[in-house]
């Protein structure tokens, strides 16, 4: 009699995947730059992706300046030193959501499945778009500043303070975007990413010192504003833009960015590796 043998099952060992966990540093930089260029090309072909960092900062600066300037500071021009750093921080924080939503959308479309056949580092497909997004944060900060200057804002920190403020906004946006990148790896859809992000962003941005002086708030709300990390970023931006001073608030904001990156980069890479 002829023996009947069962067909061997296909191996699903992690080693069969071509995406590698260990890649030389030089290769990681090249791969990350390649993915960053890919993301920039996508932005150029889909300019509507830049609406949140072009249209919104301009509209919010005009709206808040004319609507609330008189009520908060007695006049629009007097309100601008408070408003412009707040708008820059708000724009950087809200622009982070697009990173997670775009990641989830690409994963749902199977884009990352194609990367399995490439001998690349796991972090390259994540870090590349994040590098490209630095241009988005710089654009949002620059447009907010430009509109503020047109409306009468004069940064007391001069050119060095403005450059430092834009860099602070870029670092803040890039760091916080890793939170939403992680949400993108665990959410079920791009819409879910946006919904979860709104739940995070609303208290972070509006329960802060971004748009109103803290002295006008009740004591219990002052406490919440004081422990809000966005408040530290706003204070740091005001110190840099209005005074050109590197104060303890700047150090606290940068330290917070380092902590966020240290926590969420490994979480994001680990979650992403399990999905692809």
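The values are calculated or read from the model by the stated rules, or taken from the named source; none is laboratory data. From a predicted model like this one, the values you see are computed outputs, not experimental measurements. When we count neighbours, we look across all protein chains shown, and the Cβ atoms used for this are built from the backbone with ideal geometry, even at glycine.
Considering every residue within the stretch 109-120, establish whether at least one is touching a residue at least 40 places away in the same chain (Cβ under 8 Å), part of a helix (DSSP H, G or I) and crowded, with 24+ Cβ neighbours inside 10 Å. Walk me through how you get there before you give the answer.
Kept after step one, since they are touching a residue at least 40 places away in the same chain (Cβ under 8 Å), are these residues of the stretch 109-120: 112-113, 115-120.
Checking the rest, the ones that are also part of a helix (DSSP H, G or I) come to 112-113, 115-117.
If we keep only those that are crowded, with 24+ Cβ neighbours inside 10 Å too, we end up with none.
Checked against the condition, which is being touching a residue at least 40 places away in the same chain (Cβ under 8 Å), part of a helix (DSSP H, G or I) and crowded, with 24+ Cβ neighbours inside 10 Å, the stretch 109-120 yields no hits at all.
Criterion first (modelled with pLDDT of 85 or more, touching a helix residue (DSSP H, G or I) at 6+ places or on another chain (Cβ under 6 Å), buried (at least 17 other Cβ atoms within 10 Å of the Cβ) and not in a helix (DSSP H, G or I)) does residue 85 satisfy it?
Details: modelled with pLDDT of 85 or more: yes; touching a helix residue (DSSP H, G or I) at 6+ places or on another chain (Cβ under 6 Å): yes; buried (at least 17 other Cβ atoms within 10 Å of the Cβ): yes; not in a helix (DSSP H, G or I): no.
Criteria not met by residue 85.
Each row is one residue, and each column tells you yes or no for (1) without any contact (Cβ under 8 Å) to a residue 60 or more places away in the chain; (2) within 16 Å of residue 236 (Cβ to Cβ); (3) not in a helix (DSSP H, G or I).
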site	(1), (2), (3)
129	no, no, no
156	no, yes, yes
160	no, yes, no
164	no, yes, no
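Checking the condition crowded, with 20+ Cβ neighbours inside 10 Å, over 21 Å from residue 61 (Cβ atoms) and touching a residue at least 40 places away in the same chain (Cβ under 8 Å), which residue from 169, 245, 187, 236 passes? Steps first, please.
Values: 169 fails: over 21 Å from residue 61 (Cβ atoms); 245 fails: crowded, with 20+ Cβ neighbours inside 10 Å; 236 fails: over 21 Å from residue 61 (Cβ atoms).
Matching residue, one of 169, 245, 187, 236: 187.
All but one of (1) surrounded by fewer than 17 Cβ atoms within 10 Å (Cβ to Cβ); (2) farther than 18 Å from residue 198 by Cα; (3) touching a residue at least 40 places away in the same chain (Cβ under 8 Å) hold for residue 80, so report the exception by its number.
Only one criterion in (1) surrounded by fewer than 17 Cβ atoms within 10 Å (Cβ to Cβ); (2) farther than 18 Å from residue 198 by Cα; (3) touching a residue at least 40 places away in the same chain (Cβ under 8 Å) is unmet by residue 80, namely (1).
For the stretch 212-276, which fully contained helices (runs of 4 or more DSSP H) count at least 2 residues that are closer than 16 Å to residue 85 by Cα and in contact with a helix residue (DSSP H, G or I) (Cβ under 6 Å, 6 or more places away or on another chain)? Steps first, answer last, please.
Details: elements: 219-227, 229-238, 248-275.
Hits in the stretch 212-276: 229-238, 248-275.
For the stretch 190-220, give me each residue that is loosely packed, with under 13 Cβ neighbours inside 10 Å and either over 18 Å from the mean Cα position of the chain (by Cα) or closer than 17 Å to residue 232 by Cβ (or both). Let's see the steps before the verdict.
Initially, the stretch 190-220 is screened for residues loosely packed, with under 13 Cβ neighbours inside 10 Å, giving 191, 195, 198-199, 202-203, 213, 215-216, 218-220.
Hits for the stretch 190-220 are 203, 213, 215, 216, 218, 219, 220.
Name the one entry in 61, 54, 32 that is under 30 Å from residue 144 (Cβ atoms), surrounded by 11 or more Cβ atoms within 10 Å (Cβ to Cβ), touching a strand residue (DSSP E or B) at 6+ places or on another chain (Cβ under 9 Å) and at pLDDT 80 or above.
Working: 61 fails: touching a strand residue (DSSP E or B) at 6+ places or on another chain (Cβ under 9 Å); 54 fails: touching a strand residue (DSSP E or B) at 6+ places or on another chain (Cβ under 9 Å).
Every option except 32 fails the conditions.
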